[in-house]
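Report on one structure; see the data block that follows.
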Amino acid sequence: MSDDEVRLLKKQGTLKLEQADHMIENVIGTVGMPLGVAVNFLINGKDYLIPMALEEPSVVAAASNAAKMVRERGGFKAESTEPLMIGLVQIVDVKNTTKAKADITVKKGELIQLANQQDPVLVKLGGGAKEIEVKVLDTSTGPMLVVHLIVNVLDAMGANAVNTMCEAIAPKIEQITRGKARMKIISNLAALRLARAEAVFPKDVIGGEEVVEGIVQSYALAAADPYRCATHNKGVMNGVIAIALATGNDSRALEAGAHSFAAMKGKYQPLTTWKRTKDGDLFGRIEIPVPVGIIGGATASNPTAKVCLKILGVKSARELGEVMACVGLANNFAAMRAIVAEGIQRGHMRLHARNIAIMAGATADLADRVAEQMVKEKRIRVDRAKEILEKLTKK
Ligand code: NAD
């Protein structure tokens, strides 16, 4: 690498190299990402500013714009379940799985107690292991047992807490079943930790009956065709993951949870539903797993994440999940509306043109002029950006 490239990597951002080095291994730098704030969000009667970290143009604007549209009908209504995460203990080599299942059920109380001894802090605050369920599965390597440990993780994402508990109860389950414990790990299908949100988008504000009909038909396509559904749900995750990154949450856990939840009924389905109300307005609803925390993990070690949580002003992990659901619903709506009403590229490419200009080598002050010219010509391409740039710099 050149000296300039090395200097670039060593440059200190808001996350200091020393802090980063404690977070992961073999650290050589940190990656910067734009952090924006979406506005206009009114959720359960409370105003929110939404910090969003992402590289994609127009997502923050789209969320803000959608939130503005639902404000006049009282904003978003959101709710959530208790923050229950599921840990798995896999038991193989069990001779009599039916008997083993019954034996575990009898010893449920003891196992829950043992799990809770691992996290007195969580238990003292009202959380901890609450329930045990046992399944017998027929698999490609033969029958096996899987024990689900259900834990209320309160304001943590919960992976460390649950994994520790699973590892602690595994030897006891081996004793009970005379089998062998293999996997002892959290499930990212957080199907018991759901946030739900809904909103009415008034037809006159969103562009009339045609737009309402177009969005309902777009939803129908997503429900019928996984090729559309993947992009439908990606629109939801634009908002959800941007908040996760801003607040130091585990975006992989959210993605894994959302998409496996979407496929839970045996067919990959939209995370949102959309219909026309009897007044002709558009009604949207979302239900999504939210394995997120406001304490622990990177929310504690990344200083920017802490500031973002302060901007957001959420008091619990549940409230954070509810906000994520609302922003996911807003971004899903905005993407469908843009496609149905004017084609996604009109709004998107205007912002994208600036990135193309920078890719072509334009400095920040010239990028806007190059982008403007490309949009006017409807030719948003790197080769064209280079030509325009050449002309501008020759002058
Ligand atoms: P953590 O272990 O850092 O913090 C959780 C602990 O904080 C609890 O166990 C409890 O003892 C304590 N605590 C104090 N106040 C609390 C409160 N109000 N509510 C809840 N707990 C409170 O964090 P974690 O959430 O258990 O683990 C999250 C990390 O685990 C993330 O960084 C994630 O990336 C990582 N991880 C994820 C997976 C996965 O499959 N998704 C697997 C392993 C690790």
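The values are calculated or read from the model by the stated rules, or taken from the named source; none is laboratory data. None of the values given here were measured: they were computed from a predicted structure. Surface areas here come from the heavy atoms of the whole protein model, side chains and all, with no ligands, DNA or RNA. Shrake-Rupley method; radii C 1.70, N 1.55, O 1.52, S 1.80 Å.
Some notes on this structure:
- Residue-averaged 222 nm ellipticity for the chain, from DSSP H runs of 4+ at -39500 (n - 2.57), nearest 500: -16500 deg cm²/dmol
- Calculated from backbone phi, Karplus (6.51, -1.76, 1.60) coupling profile of region 112-118 in Hz, x at Gly/Pro: 5, 4, 4, 4, 5, 5, 6
- Fluctuation leader among N65, N96, N26 - the chain, Gaussian network, Cα springs under 10 angstrom: N26
- Whole-percent carbon and sulfur share, accessible surface of the chain, 1.4 Å: 54 percent
- The alpha carbon convex hull volume per residue for region 56-145 rounds to 228 Å³.
- For the chain, the fraction of alpha-carbon pairs in successive 20 Å shells from zero, as %: 24, 48, 25, 3, 0
- Each residue of region 297-309 was assigned a 3J(HN,Hα) from its phi angle through the Karplus curve 6.51 cos²θ - 1.76 cosθ + 1.60 (θ = phi - 60°); the sequence is x, 6, 4, 8, 8, 9, x, 5, 4, 4, 5, 5, 5 Hz, with glycine and proline shown as x.
- Calculated diffusion of region 133-286, Stokes-Einstein form, Kirkwood radius summed over Cα pairs, 10 °C and 1.306 mPa s, µm²/s: 86 µm²/s
- All-pairs Cα distance distribution in region 99-155, expressed in whole percent, bin size 10 Å: 23, 43, 24, 10, 0
- Between the Cα long axis of helix 159-177 and the first principal axis of the chain there is an angle of about 30°, rounded to the nearest 10.
- Taking a quarter of the surface of the Cα convex hull of region 285-395 gives a mean projected area of 10.1 nm².
- The GNM of the chain, with springs linking C-alpha atoms under 10 angstrom apart, assigns the highest mean-square fluctuation among V151, V307, V59 to V307.
- The amide H of G207, built 1.01 Å from its N in the peptide plane, has no neighbour under 5 Å, considering only residues 5 or more places off or on other chains.
- Over region 122-266, Cα pairs under 8 Å with separation of 6+ residues give a relative contact order of 16 percent.
- The long axis of helix 226-246 is offset from the longest Cα principal axis of the chain by roughly 90 degrees.
- Remark on region 75-224: ratio of C-alpha radius of gyration to 2.2 N^0.38 Å is 1.43.
- Heavy atoms of D155 accessible to a 1.4 Å probe, total area in Å² rounded to 10: 50 Å²
- Base-10 log of normalised Debye intensity for region 266-331 (one unit scatterer per alpha-carbon) at q = 0.14, 0.18, 0.22 Å⁻¹: -0.56, -0.77, -0.95
- Unit Cα scatterers, Debye sum, region 1-134: log10 I(q)/I(0) for q = 0.10, 0.15 Å⁻¹: -0.77, -0.95
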